[in-house]
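> Sharing a structure here in structure tokens format.
The values are calculated or read from the model by the stated rules, or taken from the named source; none is laboratory data. No experiment lies behind these values; they were computed from the predicted model shown. Every residue, glycine as well, gets a Cβ built from its backbone with ideal geometry; the counts of neighbours run over all protein chains shown.
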Amino acid sequence: MNGTFCHWEIMTKDIKKSETFYTSLFGWKIAHSMGPDYGLVDTGQQPGGGIMKWDDFTPGGGVMFYFLVDDCAKFLDKAVSLGGTKIREKTEIPQVGWFSLFGDPDGNCIGLFESLKK
């Protein structure tokens, strides 16, 4: 269907460092079936994504990805302990849940989302 979200990518200048960061943070499985500069990410659910080595990119780039977690504060702290930076503390979205933001080792701004428990 046109416009359906189907894949995501995170650009990096150091693919091994990014892979270590994200597999340690989320437990993702990453395969290099498309070559050494592209890690195909299996999160356990669709859509999947990739981590691509790209020497000439601007971190952030104006697009925000949010990853579902069971505790924004816990994953934000874990991201920081793995070399990320805290951008926004766990913040309530009334009647929806919470979000927080971190910068990955390349400076990409990544969102975490925790759904309201019903």
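> For Ala79, all conditions in the list (1) of a type outside the set (Lys, Arg); (2) at pLDDT 95 or above; (3) farther than 29 Å from Lys118 by Cβ hold save one; what is the number of the exception?
So the condition that Ala79 fails would be (3).
> I would also like to ask the following. Looking at (1) closer than 19 Å to Ile10 by Cα; (2) among the hydrophobic types (A, V, I, L, M, F, W, C); (3) in contact (Cβ under 8 Å) with a residue 12 or more places away in the chain, can you tell me which one Val63 breaks?
It is condition (3) that Val63 fails.
> With the structure loaded, tell me whether Leu40 is at pLDDT 95 or above and not in a loop (DSSP other than H, G, I, E, B) or whether it fails that test.
Values: at pLDDT 95 or above: no; not in a loop (DSSP other than H, G, I, E, B): yes.
Spelling it out, it is not the case that Leu40 is at pLDDT 95 or above and not in a loop (DSSP other than H, G, I, E, B).
> Taking the residues in the stretch 71-82 that are surrounded by 14 or more Cβ atoms within 10 Å (Cβ to Cβ) and small (Gly, Ala, Ser) as candidates, determine which candidate is farthest from Phe102 (Cα to Cα).
Ala73
> Look at the stretch 43-52 and say how many of its residues are over 15 Å from Asn108 (Cβ atoms) and either surrounded by 14 or more Cβ atoms within 10 Å (Cβ to Cβ) or at pLDDT 90 or above (or both). Full working, then the answer.
Step one: filter the stretch 43-52 for residues over 15 Å from Asn108 (Cβ atoms), giving 43-48.
After this cut, where a residue has to be either surrounded by 14 or more Cβ atoms within 10 Å (Cβ to Cβ) or at pLDDT 90 or above (or both) as well, the list is 43-45, 48.
Looking only at that region, the number is 4.
> Check the stretch 93-110 and report whether any residue there is in a loop (DSSP other than H, G, I, E, B), polar (S, T, N, Q), without any contact (Cβ under 8 Å) to a residue 24 or more places away in the chain and within 15 Å of Ile10 (Cβ to Cβ). Give the steps one after another, and end with the answer.
If we filter the stretch 93-110 for residues that are in a loop (DSSP other than H, G, I, E, B), which is where we start, we get 94-96, 104-108.
Going one step further and asking which of them are polar (S, T, N, Q), we end up with 95, 108.
Cutting the leftovers down to without any contact (Cβ under 8 Å) to a residue 24 or more places away in the chain gives us 95.
With within 15 Å of Ile10 (Cβ to Cβ) added as a condition, the list becomes none.
Within the stretch 93-110, not a single residue is in a loop (DSSP other than H, G, I, E, B), polar (S, T, N, Q), without any contact (Cβ under 8 Å) to a residue 24 or more places away in the chain and within 15 Å of Ile10 (Cβ to Cβ).
> Taking into account only those residues within the stretch 60-70 that are outside any strand (DSSP E or B) and under 13 Å from the mean Cα position of the chain (by Cα), which is surrounded by the most Cβ atoms within 10 Å (Cβ to Cβ)? Spell out the reasoning first.
To start, the set of residues in the stretch 60-70 that are outside any strand (DSSP E or B) comprises 60-64, 69-70.
Going one step further and asking which of them are under 13 Å from the mean Cα position of the chain (by Cα), we end up with 60, 63-64, 69.
Working: Gly60: 14, Val63: 9, Met64: 12, Val69: 21.
The residue in question is Val69.
> Kindly provide the set of residues from the stretch 1-34 that are free of Cβ contacts under 8 Å to residues at least 40 places away in the same chain, among the hydrophobic types (A, V, I, L, M, F, W, C) and either crowded, with 17+ Cβ neighbours inside 10 Å or assigned to a helix (DSSP H, G or I) (or both), ordered by number.
Ile15, Trp28, Ile30
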